[in-house]
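Heads up, the thing below is written out as structure tokens.
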Amino acid sequence: MFEASNKREASITLCLFPHLGEFIAVDTRKDLPDGPAVHVMSFEDVFTDDFRARLEAGFSSLIRKQDVGLLEMIGLPQEVETLVRAESMKRVVKMLNHTAGIASADIGGGIGVLFFARSLLSIQQEQLEAAMEELFGHLLSDSQLTRLRKELERLIAEEQTEEGTIRQREMAQLITGEPGSFVTLWQSGGNN
């Protein structure tokens, strides 16, 4: 069901939902004092003022590079994306390490991401259980697997509800002609 694009096993797996403020972190690092753990985390806790300050400093250094040409400036969005991804992962690992009582900032392995959208939102309970057993059965206790499955089921249901709400809103905007998701981000006026 879930095939890894690279065959190394991730020591931290994030289960993300595009429209929710919560996500699940499955921490299966070998050196955890209390063993592997399943954490439900809030983006509100991740995206703190400290996190934003680190992003601002990183972005500032990106746009203030010396001898930057047009091609480098055109590539800036990809560099910003990389910066945001790296700082987000560092913050999540820092939070997990703090929870586990680990002073190091080391990940101790890779980070995997399961993005629950589209077809994964319609996964049947039996398929979800089989997938979680395949991915984590040898790493988590039965009670942790049960907790993970229940939290995933809850968040999948919330994501499905949110997606339905968004679809209804977009349909209403199409029918009424009110501005919605479709906007022009940039347009050349010829004189600019």
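Across the chain, how many lysine pairs separated by 8 or more positions, or lying on different chains, have Cα atoms within less than 28 Å?
Within the chain, the lysine pair count is 10.
If neighbour count is taken as other Cβ atoms inside 10 Å, put D49, D27 in order from fewest to most.
So the residues, fewest neighbours to most, are D49, D27.
How big is the charge dipole of region 10-176 about its Cα centre, in debye rounded to the nearest 20, if each Lys and Arg gets +1 on its Cβ and each Asp and Glu gets -1 on its Cβ? Can you show the working numbers first?
Details: 17 positive and 27 negative charges, 55 e Å.
Taking the Cα centre of region 10-176 as origin, the dipole is about 260 debye.
Please name whichever of H19, A105, A131 sits farthest to the positive end of the charge dipole of region 10-176, dipole taken about the Cα centre and charges placed at Cβ: Lys and Arg +1, Asp and Glu -1.
A105
For the chain, count the residues as N, evaluate 2.2 N^0.38 Å, and divide the Cα radius of gyration by that value, please.
1.25
If amide H atoms are built 1.01 Å from N in the plane of the peptide, which residues on other chains or at least 5 residues away come under 5 Å of the amide H of L140?
HN-HN under 5 Å from L140: empty list.
Just so you know, all these numbers are worked out from the coordinates, no wet-lab data involved. Since the model is a prediction, treat every value here as computed from it, not as a measurement. Ideal geometry is used to build each Cβ from the backbone, glycine not excepted, and the neighbour counts take in all protein chains shown.
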